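Colleague: Right, I'll just put the structure down here and ask away after.
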Amino acid sequence: MMATLIFLALFLLGLFLTLRPLWGPKEPFPEPPRREELLKELEVLREEVKNLEGEEKKLALARVVELERALEGWRPPEPRPFNPLPVALALGVVVLLGVGLWRYTLPRLPGETTVTQRAEARELKALQDKAKRTGAVEDLLAWGRRAYELQAFDQAAEAYLEVLKKDPRNVEAVRRVGILLFMSGRTEEAETFLQVAQHADPKAAEGWLFLGNIYFQKGQAQEAIAAWERYLEAGGEARERVEGLIAMAKAQAQGGRDGQTVYQARCAVCHGAEAQGGIGPKLKGNPILKAPEAVKEIVLRGRGQMPAVPLGEEELKALLDYLSRL
Ligand code: HEC
């Protein structure tokens, strides 16, 4: 959005620079204002001279000469020399910005933001076509993996579910389906899938991360900590983040029932420990927090991808209070 606005502003500036000469003053050195008058006077005098005699004729002729001199001093304005440099520069800016606008903002496939992503969308489509054509587990996995990497979660789910139909014991598919279920808020089913997957393949770090998230969301802090620790053991990449989660869970296990605790226990998994956003949107600074009734409604009933989070009166009150201070 910001990029679009900047591009637009620069684009308009370039356009302005290119077009400016067109509405500048047409004659930068305007004629001496009296020229027309002088010409007219000269014409009249010349007529008169024909009919005059003696002293008057002399005077008139002298005036004619004077006028002719004055007029001689006048030169038509020289056309301003054409300087191609600024025009070329301005045109360059316009072209560059046009290209920028086209590349980064205008036409794109749904969900895309850059040309790279267009290439990725094409790649994904090719994998999908191949998987659908051959129906081989190998190809379905390739499609599912790439879709998951690119966060095309609908496609990832489709691919991995198809794998499970052909090979119900495929651990990767069981694990990924579990994660995707969790993301779509189906926590109970997700837990079952992930428990099975982690039992079969304890080395797969990502499974431990999400299993920990599920436990934590259910209020089982000890299990969550254990799962996250196994994530670290398995060499998961999000080390710092998960260490943070563990510290937070440990602190909470001792803590009371204040709003922050409720937030960390029930919301942080999706909205981030600092409310900075994650699977769910950023809450810090989110204008919706100014409408506690709306937040209450969303929390108790769920919305879209967000599952309902049942909370008691007191917990809810503390939570809303905490959120209003974010
Ligand atoms: C399982 C993940 C998950 C959990 C847990 C969760 N949320 Fe959400 N939340 C989401 C998602 C996803 C959305 C976006 C929903 C939509 O609009 O489709 C959302 C939306 C919201 C919104 C609306 C934001 C907006 O800008 O419209 C609020 C407010 C919110 N959540 C608050 C909470 C609070 C408070 C908690 C804890 C009690 C919580 N959420 C727990 C995933 C979650």
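Rule-based calculations on the coordinates, nothing more; no lab input. Everything numeric in this text was worked out from a predicted model, so none of it was measured. Note: ideal-geometry Cβ built from the backbone for every residue, glycine included; neighbour counts use all protein chains shown.
Colleague: Give me the distance in nm between label points sitting 7 Å out from Cα along the Cα-to-Cβ direction at L326 and T192, one decimal.
Modeller: 3.3 nm
Colleague: A follow-up question, please. Can you list the trypsin sites (Lys or Arg not before Pro) in region 161-231 that are in a DSSP coil and have 16 or fewer other beta carbons within 10 angstrom? If you can, show how the numbers build up before the last one.
Modeller: Numbers: sites: K165, K166, R169, R175, R176, R186, K203, K218, R230; in loops: R169, R186, K203, K218.
In loop regions of region 161-231 (DSSP not H, G, I, E or B), the sparsely surrounded trypsin sites (Lys or Arg not before Pro) are R169, R186, K203, K218.
Colleague: Compute the Cα gyration tensor for region 185-260, then decide on rounded, prolate or oblate, letting a ≥ b ≥ c be the square roots of its eigenvalues: rounded whenever a/c is under 1.5, prolate when a/b is larger than b/c in the other cases, and oblate in all that remain.
Modeller: Judged from the Cα gyration tensor, region 185-260 comes out oblate (a/c at least 1.5, b/c at or above a/b).
Colleague: Mind running the shape call on region 275-326? Use the C-alpha gyration tensor, a ≥ b ≥ c as the square roots of the eigenvalues: rounded below 1.5 for a/c, prolate if a/b tops b/c, oblate otherwise.
Modeller: oblate
Colleague: What is the percent of Cα-Cα separations in region 198-318 that go past 18 Å?
Modeller: Here the long-distance tail beyond 18 Å is 53 percent of all Cα pairs in region 198-318.
Colleague: Can you tell me the order of 135-143, 291-299 when each peptide is scored by its average per-residue count of other Cβ atoms within 10 angstrom, highest first?
Modeller: Details: 135-143: 18.3, 291-299: 14.6.
Result, highest mean first: 135-143, 291-299.
Colleague: Based on the mean of other Cβ atoms within 10 Å per residue, sort peptides 57-64, 262-269 so the most packed one is first.
Modeller: Highest-to-lowest ranking by the protection proxy: 262-269, 57-64.
Colleague: Between A308 and D167, how many nm apart are label points set 7 Å from Cα along the C-beta direction?
Modeller: 4.0 nm
Colleague: Another question, then. Using just the C-alpha positions of region 115-274 as equal point scatterers, what log10 of I(q)/I(0) does the Debye formula give at each q in 0.13 1/Å?
Modeller: -0.65
Colleague: How much length would be gained if the chain were fully extended between N286 and L96, taking 0.36 nm per residue of separation minus their Cα-Cα distance, in nm to one decimal?
Modeller: Numbers: separation 190, 0.36 × 190 = 68.40 nm, distance 3.56 nm.
Going from the current span to full extension adds 64.8 nm.
Colleague: So if each residue of separation counts as 0.36 nm, and I subtract the Cα-Cα distance between R239 and D258, what length gain in nm does that give?
Modeller: Extending this stretch completely gives an extra 4.1 nm.
Colleague: Please give, to one decimal in nm, the separation of the simple spin-label points placed at A273 and R63, each 7 Å out from Cα toward the Cβ.
Modeller: Using points 7 Å along Cα→Cβ, the separation is 9.9 nm.
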